[in-house]
Amino acid sequence: MKKTISALSSTLVVAAALTAAISQAQAQAQAQTTQTTPLPVATPQSQGFSAEGLHRIDAFFKKEIENNQMPGAVLAVAKNGKLVIYEAYGFRNKATNTPMTKDTIFELASMTKIMTAVSALTFYEEGMLTLKSPASLWFPQFKDMKVGQVGADGSVTTTPAKQQITVQDLMRHTTGLTYGGRGATPIHKNFPAGSVASAIEYTGPQLIDKLAAAPLLHEPGTVWNYGFGLDVLGLIQEKITGKPLSEVMRERIWNKVGMPDTGFTKTAKNENRFAHPLPVDPITGKPQSMDILTANLKYDCGGGCAYGTAADYLRFGQMLLNGGTIDGKRVLGPQTVAFMTSDHLGTSIKNELTNTEAGRAGYGFGLSVAVRTERGVAAINGNIGDYTWNGAYGTTFWADPKEKMVVVMMAAAPGEIRKEYRERVNALIYGALEK
């Protein structure tokens with residue numbers, strides 16, 4: 001009897017050890033899968049993509065690269081929560097013949113803005129700021145802003161703003177704090193050219209002083225006009241926490257979502273993984289470069305200075321599409337995501353979105369994202385309720401709740417050609433769907 005019990009115990013010990021070994025192997029395999037693929041994988045055909053459409057996508061990128069129109073790209077598409085397209089094309093750096101890899105890091109430019117808004121909305125959910133909170137609550141310099149008017153002789157006169165800039169204005173580009181590089185009026189000349197240019201020249205406090213001293217292009221809350229709202233919003237978050245925006249985002253978004261290769265400051269480990277543009281603009285034939293690749297930035301600009309991989313941003317987009325959660329970790333509540341991705345312009349605010357994004361007729365604007373309000377009208381395909389934004393260096397992102405689809409295309413393709421790629425990639429993706 002004792003021998004039987006002893007044998008049984010030994011069997012149980014061996015079985016337990018075997019089970020533990022299997023569990024450990026499965027965990028290691030799952031960890032490796034997480035590192036190499038951002039989401040569970042499914043065949044494109046099982047999620048509604050046609051073989052012919054996939055061939056067109058591959059052929060398009062290969063042709064553009066062969067014709068020296070773009071150095072390379074990474075395309076990542078999720079459908080129904082599954083990774084269905086994940087391809088690297090061409091070169092990370094054409095000048096050095098460095099091939100493109102899926103873990104290549106791209107400068108996100110204005111795709112940074114969506115993360116800045118999501119981070120701010122976590123404070124909103126904690127009751128630490130409201131959308132009608134004035135920016136002057138954190139930066140008193142904004143309390144008595146002036147609105148500029150340009151006379152026939154080019155002189156600028158000002159009148160006191162009727163209302164203060166609010167957090168909602170910061171998120172939806174209705175501040176009047178325009179980008180200097182987006183116009184040639186005497187008012188534009190008072191502003192830095194853009195977010196990255198501001199971070200190269202100014203610290204965060206210096207930028208606030210610069211913006212507060214400039215005459216507003218429009219009365220706050222009346223006109224959609226692209227500008228520094230999300231940079232100010234990022235600096236508000238730094239004011240609330242006493243931490244750099246990079247730390248705020250890492251705690252509130254990146255660690256939860258699983259975005260290890262997203263950040264603001266290059267490190268010794270990742271500096272060789274960044275994508276570089278072609279040395280010559282394929283449209284103008286003039287030399288081109290991206291200052292952000294070599295410049296030292298003086299603050300974490302929430303309007304355009306973050307970098308990341310296609311995998312990281314796809315997970316971020318999937319988190320939003322899931323209603324604020326991924327892999328059991330919540331960043332925002334589903335009602336907050338729905339609120340963020342609804343139109344916040346209405347009929348009372350002048351919509352000048354097409355001055356910045358020509359293909360976005362038929363779109364309103366939410367809290368950092370363009371939101372489709374009509375099925376047609378726009379030059380870009382999609383469904384009512386899809387939301388999107390792009391980056392000036394050649395990156396693009398959109399989420400389509402009806403199709404349950406997230407698309408991220410990363411490229412180092414600054415200049416006007418980036419706008420063509422936004423429309424072309426959109427047409428290729430929707431054209432590949434057969435159900």
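Here is how the numbers come out for the structure above:
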quantity: Once the Cα gyration tensor of region 288-391 is diagonalised, semi-axes √(5λ) in Å; calculated: 25, 21, 13
quantity: Dipole magnitude (debye, nearest 20) for region 311-413, charges at Cβ of Lys, Arg, Asp, Glu; calculated: 160
quantity: C-alpha long axis of helix 417-431 to longest principal axis of the chain, angle in °; calculated: 50
quantity: Convex hull volume per residue for region 76-174, taking Cα atoms only, in Å³; calculated: 234
quantity: Dipole magnitude (debye, nearest 20) for the chain, charges at Cβ of Lys, Arg, Asp, Glu; calculated: 880
quantity: Rounded to the nearest 20 debye, dipole of region 46-164 from Cβ charges on Lys, Arg, Asp, Glu; calculated: 100
quantity: All-pairs Cα distance distribution in region 341-384, expressed in whole percent, bin size 10 Å; calculated: 32, 61, 7
quantity: Charge dipole (region 115-249, unit charges on Cβ, about Cα centre) - positive-most of Ala135, Pro220, Gly154; calculated: Gly154
quantity: Rg in Å to one decimal, and Dmax rounded to a whole Å, for region 215-274 via C-alpha atoms; calculated: 15.7, 46
quantity: Between 0 and 90°, nearest 10: helix 204-213 axis offset from the chain longest Cα axis; calculated: 30
quantity: Nearest 10 degrees, 0 to 90: helix 2-36 Cα axis against the chain principal axis; calculated: 30
quantity: All-pairs alpha carbon distance profile, the chain, 20 Å steps from 0, percent; calculated: 25, 55, 15, 4, 1, 0
quantity: Sites Asn270 and Asp327 - FRET efficiency at Förster radius 25 Å, r taken between beta-carbons, to 0.05; calculated: 0.60
quantity: Whole-percent carbon and sulfur share, accessible surface of region 206-295, 1.4 Å; calculated: 49
quantity: Solvent-accessible area per residue, Å², over the chain with all protein chains present [probe radius 1.4 Å]; calculated: 43
quantity: Translational D in µm²/s for region 131-222 (Stokes-Einstein at 20 °C, 1.002 mPa s, Kirkwood Rh from C-alpha pairs); calculated: 160
quantity: With every protein chain in place, region 309-404: carbon and sulfur % of accessible area (1.4 Å); calculated: 49
quantity: For region 218-247 versus region 302-338, the gap between their alpha-carbon centres in whole angstrom; calculated: 19
quantity: Carbon/sulfur fraction of accessible area - region 62-161, other protein chains in place, 1.4 Å, %; calculated: 51
quantity: Compactness relative to 2.2 N^0.38 Å, alpha carbon Rg of region 221-349; calculated: 1.25
quantity: Gyration tensor verdict on region 314-372 (Cα atoms; rounded if a/c is under 1.5, prolate if a/b is larger than b/c, oblate otherwise); calculated: prolate
quantity: Stokes-Einstein diffusion coefficient of region 38-129, Kirkwood radius over Cα pairs, 25 °C, 0.890 mPa s, in µm²/s; calculated: 156
quantity: Reach of Lys404 by Cα under 12 Å, taken over aspartates and glutamates that are not fewer than 8 positions away in the same chain; calculated: Asp386
quantity: Taking the chain and dividing mean pair separation by its residue count, relative contact order in percent (alpha carbons under 8 Å, at least six apart); calculated: 21
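The values are calculated or read from the model by the stated rules, or taken from the named source; none is laboratory data. Remember, predicted model here, so these are calculated numbers, not experimental data. Because the Cβ atoms are built from the backbone with ideal geometry, glycine has one as well, and the counts that use them run over all protein chains shown. Accessible surface is based on the protein model in full, side chains and every heavy atom, while ligands, DNA and RNA are left aside. Shrake-Rupley method; radii C 1.70, N 1.55, O 1.52, S 1.80 Å.
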